[in-house]
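Chemist: Before we start, here is the structure in question, set down as structure tokens.
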């Protein structure tokens, strides 16, 4: 029995982190369990969808195409999790870094710039450029209190698309940049637009690497410093943590993950425009992180994947399904509800909004919580209000 | 720029500024009392414009200007009272169901909830009235006006500016002279101590939300009268600009919010005049970032709030 538990613990250390006040003793095995877990998930997914009811929704290549896109959002959510989940900083302009990564690729590999650099090094370049912008934004603003930071990042997230839209000469304005060169591998050759498999494998590899790195950072001195700041910035500072540098690193690492996702996104869709990076994208990623469970790497990844699939597949299916039921229209006085004509895709953001409010009120730690975060968030429930106030003041 | 254009643009700036100031007051009041950036406030303004659209166009059946002055005044008073009342109640409901439980939760929680509420409001309106831009009846003839020197000044601008200043003076009197106003100020200063002195915190905060949201509702009616259209996404931009105004004036300070609103109005109008219309948002947000970095207390703010 105990051997079984040991096996489970070492294989699924990531799924059920054993973290307490003294830290996580299992992280030596975590990299291995991430590789194993991701390989298993990535291998099974394309076959699970051959089973009903999933098989009825879309063909296998379409599903895999969707999974490759879902991977982009998993990457984005993992990056935002560093900023929001670990360091406790609310970044509402996260899509800006995604845009910066995507435009980096457009400058490095498209007819628009006349340059054709290979995809793989550009991944790093995109991550680096986004990180630099993260530092540029963070350096002056991270001294601000948390809620001001949220507004500043929101403003930044608005400015970046405006700049890309208006600086016509450099960005081709509202039309965006198209005809991006696709990635290539030495033996395999150039990726084809219609074949989702190489993109799928690439994104799985990227997510795996990102998860391993993020787990290792999370369990390092830096990760512990983030959590200390999140829990009590004043106490963290008096323990000798340089709060500005630490927060800056969270910002830069979060931004670089978005940059990475941006490069991959640009290489996959091959056309980008400023309108693909509006606030709705930042909001969607935030909803993924909150739903998944702020601070838990696997939880956030799962949250992002599930939310993406719900928005891209299930709402569409729901439309068709409800239409076939042929429910009669209901008439309540001045209001007519005809459920068979409802377009559920329209309700996507309403659902996110309800989910955010509901989660915050009922289960702030998310669906797959990080144990430490859970303890923190429920602290307030137990302590009486007056005490809490005194602690804050 | 000749004198005529300059005068006209100043009037335009004051009108735009008056709308921003009305919205900014709600941000500043809520922030002053519970230190929450109410992201949903811009959308409360948006919903207000739809409530007034429904009342005037769908319920009362108006399509254009009303020429009978007595009828015009009556309808306007009714429209403002109705929209402000409805939005006040909406604001109180938002506070009651979305924010009250999180008053002692970690900071991140109410902020995320506020963003959620913002999206809920936007989408409820989108589902109710569709995603298209809708025309609102402009009860006051927008062409009518008078010459001030060589500048043509529209009556509607005079109306909007007067209304906003009137509401601001009313708010100022309420906050400084009444018992409830005193309760609001003491709650903002120190919630604990106020409670010990017998102030009903929950009622006070609810009243604050009512007034802030009612002012946004008034701005919503103005949106319809002045621009003649509304749209389910106008709240986002307007909210961000009004928030910038509140921060610029010194958040928590009602006079500052008014001053900030007019300043943003001037910046936006004169940026457009100089030919940078499509950059005006970027300019406003750059100002926001600069103010937050170099003078986080704003123009009139005195409180240096830095709590862990």
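The values are calculated or read from the model by the stated rules, or taken from the named source; none is laboratory data. In this text the structure is predicted, and so the values were computed from the model without any measurement. Here the Cβ positions follow ideal geometry from the backbone for every residue, glycine too, while neighbour counts run over all protein chains shown.
Chemist: Of the conditions (1) within 14 Å of chain B (Cβ to nearest Cβ); (2) surrounded by fewer than 18 Cβ atoms within 10 Å (Cβ to Cβ); (3) at pLDDT 80 or above, residue A:306 satisfies every one except a single condition; which number is it?
Modeler: Here residue A:306 clears every test but (1).
Chemist: Go through segment B:192-207 and report how many residues are away from chain A (no Cβ under 13 Å), over 20 Å from residue B:98 (Cα atoms) and either buried (at least 18 other Cβ atoms within 10 Å of the Cβ) or touching a residue at least 60 places away in the same chain (Cβ under 8 Å) (or both). So that I can check it myself, show each step before the final result.
Modeler: In the first step, residues of segment B:192-207 are kept if they are away from chain A (no Cβ under 13 Å); the result is B:197-200, B:203-207.
With over 20 Å from residue B:98 (Cα atoms) added as a condition, the list becomes B:197-199.
Now narrow it down to the ones that are either buried (at least 18 other Cβ atoms within 10 Å of the Cβ) or touching a residue at least 60 places away in the same chain (Cβ under 8 Å) (or both): B:199.
Here the count works out to 1.
Chemist: Can you tell me which of B:189, B:163, B:171 is within 14 Å of chain A (Cβ to nearest Cβ) and within 21 Å of residue B:255 (Cα to Cα)?
Modeler: Being within 14 Å of chain A (Cβ to nearest Cβ) and within 21 Å of residue B:255 (Cα to Cα) holds for just one of B:189, B:163, B:171, which is B:189.
Chemist: With respect to residue A:284, determine if the residue is within 26 Å of residue A:205 (Cβ to Cβ), surrounded by fewer than 24 Cβ atoms within 10 Å (Cβ to Cβ) and within 12 Å of the chain's Cα centre (by Cα).
Modeler: Values: within 26 Å of residue A:205 (Cβ to Cβ): yes; surrounded by fewer than 24 Cβ atoms within 10 Å (Cβ to Cβ): yes; within 12 Å of the chain's Cα centre (by Cα): yes.
Considered against the rule, which asks whether it is within 26 Å of residue A:205 (Cβ to Cβ), surrounded by fewer than 24 Cβ atoms within 10 Å (Cβ to Cβ) and within 12 Å of the chain's Cα centre (by Cα), residue A:284 comes out as yes.
Chemist: Out of curiosity, is residue B:90 surrounded by fewer than 24 Cβ atoms within 10 Å (Cβ to Cβ) and closer than 26 Å to residue B:191 by Cβ? Write out each step before concluding.
Modeler: Numbers: surrounded by fewer than 24 Cβ atoms within 10 Å (Cβ to Cβ): yes; closer than 26 Å to residue B:191 by Cβ: yes.
For residue B:90, the condition - surrounded by fewer than 24 Cβ atoms within 10 Å (Cβ to Cβ) and closer than 26 Å to residue B:191 by Cβ - is met.
Chemist: Still on this structure, please answer the following. For segment B:93-110, which positions are assigned to a helix (DSSP H, G or I) and surrounded by 18 or more Cβ atoms within 10 Å (Cβ to Cβ)?
Modeler: Matches in segment B:93-110: B:94, B:95, B:98, B:99, B:102, B:108, B:109, B:110.
Chemist: Taking the stated definitions as given, is residue B:81 more than 23 Å from residue A:357 (Cα to Cα), modelled with pLDDT of 95 or more and either within 23 Å of the chain's Cα centre (by Cα) or assigned to a helix (DSSP H, G or I) (or both)?
Modeler: Taking the combined requirement at face value, the residue satisfies it.
Chemist: Here are some conditions: (1) farther than 30 Å from residue B:270 by Cβ; (2) surrounded by 16 or more Cβ atoms within 10 Å (Cβ to Cβ); (3) modelled with pLDDT under 90. Residue B:58 meets all but one. Which one does it not meet?
Modeler: Of the numbered conditions (1) farther than 30 Å from residue B:270 by Cβ; (2) surrounded by 16 or more Cβ atoms within 10 Å (Cβ to Cβ); (3) modelled with pLDDT under 90, the odd one out for residue B:58 is (2).
Chemist: If you don't mind, another one. Find the helices (runs of 4 or more DSSP H) located wholly in segment B:197-308 whose residues include 1 or more that are under 14 Å from the mean Cα position of the chain (by Cα), and list them.
Modeler: B:201-227, B:234-249, B:254-273
Chemist: Would you mind finding the one in B:30, B:44 that is within 14 Å of chain A (Cβ to nearest Cβ), under 26 Å from residue B:268 (Cα atoms) and buried (at least 16 other Cβ atoms within 10 Å of the Cβ)?
Modeler: Residue meeting the stated conditions: B:30.
Chemist: While we're looking at this one, here's another question. Given the structure, is residue A:33 at negative phi, more than 24 Å from the chain's Cα centre (by Cα) and in a helix (DSSP H, G or I)?
Modeler: No.
Chemist: Checking the conditions here, which among A:261, A:255, A:266 is buried (at least 24 other Cβ atoms within 10 Å of the Cβ) and over 14 Å from the mean Cα position of the chain (by Cα)? Before the answer, list the steps.
Modeler: Values: A:261 fails: over 14 Å from the mean Cα position of the chain (by Cα); A:255 fails: over 14 Å from the mean Cα position of the chain (by Cα).
Unique residue meeting the criteria: A:266.
Chemist: Another one. Going by what's in this entry, would residue A:110 be described as modelled with pLDDT under 90, more than 12 Å from chain B (Cβ to nearest Cβ), surrounded by fewer than 24 Cβ atoms within 10 Å (Cβ to Cβ) and closer than 17 Å to residue A:272 by Cα?
Modeler: yes
Chemist: Can you give me the number of residues within segment B:86-133 that are at pLDDT below 90, touching a helix residue (DSSP H, G or I) at 6+ places or on another chain (Cβ under 8 Å) and more than 8 Å from chain A (Cβ to nearest Cβ)?
Modeler: 2
Chemist: Let me ask another. Please determine whether any residue of segment A:76-87 is surrounded by 14 or more Cβ atoms within 10 Å (Cβ to Cβ), at pLDDT 85 or above, outside any helix (DSSP H, G or I) and on the phi < 0 side of the Ramachandran plot.
Modeler: yes
Chemist: Another one. I'd like to know if segment B:67-79 contains one or more residues that are farther than 30 Å from residue A:347 by Cβ, buried (at least 20 other Cβ atoms within 10 Å of the Cβ) and either in contact with a helix residue (DSSP H, G or I) (Cβ under 9 Å, 6 or more places away or on another chain) or without any contact (Cβ under 8 Å) to a residue 24 or more places away in the chain (or both).
Modeler: There is at least one residue in segment B:67-79 that is farther than 30 Å from residue A:347 by Cβ, buried (at least 20 other Cβ atoms within 10 Å of the Cβ) and either in contact with a helix residue (DSSP H, G or I) (Cβ under 9 Å, 6 or more places away or on another chain) or without any contact (Cβ under 8 Å) to a residue 24 or more places away in the chain (or both).
Chemist: Shifting gears a bit: Scan segment B:111-128 and give yes if some residue there is assigned to a helix (DSSP H, G or I) and surrounded by fewer than 16 Cβ atoms within 10 Å (Cβ to Cβ), otherwise no.
Modeler: Yes.
Chemist: Specify which of the listed residues (B:76, B:72) is under 21 Å from the mean Cα position of the chain (by Cα), part of a helix (DSSP H, G or I), modelled with pLDDT under 95 and away from every other protein chain (no Cβ under 12 Å).
Modeler: Matching residue, one of B:76, B:72: B:76.
Chemist: Considering every residue within segment A:318-325, establish whether at least one is in contact with a helix residue (DSSP H, G or I) (Cβ under 7 Å, 6 or more places away or on another chain), in a helix (DSSP H, G or I) and in contact (Cβ under 8 Å) with a residue 24 or more places away in the chain.
Modeler: Within segment A:318-325 (the criterion being in contact with a helix residue (DSSP H, G or I) (Cβ under 7 Å, 6 or more places away or on another chain), in a helix (DSSP H, G or I) and in contact (Cβ under 8 Å) with a residue 24 or more places away in the chain), the answer is yes, since at least one residue qualifies.
Chemist: A further question on this structure: If I ask for residues that are more than 14 Å from chain A (Cβ to nearest Cβ) and surrounded by fewer than 24 Cβ atoms within 10 Å (Cβ to Cβ), which ones from segment B:235-257 would you list?
Modeler: B:253, B:254, B:255
Chemist: Of the residues A:250, A:205, A:237, only one is free of Cβ contacts under 8 Å to residues at least 40 places away in the same chain and under 24 Å from residue A:34 (Cβ atoms); which?
Modeler: After ruling out the rest, the residue left standing is A:205.
Chemist: Please go through segment A:116-158 and pick out each residue that is outside any helix (DSSP H, G or I) and at the interface with another protein chain (Cβ under 7 Å from one of its Cβ atoms).
Modeler: The answer is A:144, A:145.
Chemist: Separate question: Scan A:198, A:161 and give me the residue that is part of a helix (DSSP H, G or I), surrounded by 16 or more Cβ atoms within 10 Å (Cβ to Cβ), without any contact (Cβ under 8 Å) to a residue 40 or more places away in the chain and under 23 Å from the mean Cα position of the chain (by Cα).
Modeler: Testing whether each residue is part of a helix (DSSP H, G or I), surrounded by 16 or more Cβ atoms within 10 Å (Cβ to Cβ), without any contact (Cβ under 8 Å) to a residue 40 or more places away in the chain and under 23 Å from the mean Cα position of the chain (by Cα) leaves just A:198.
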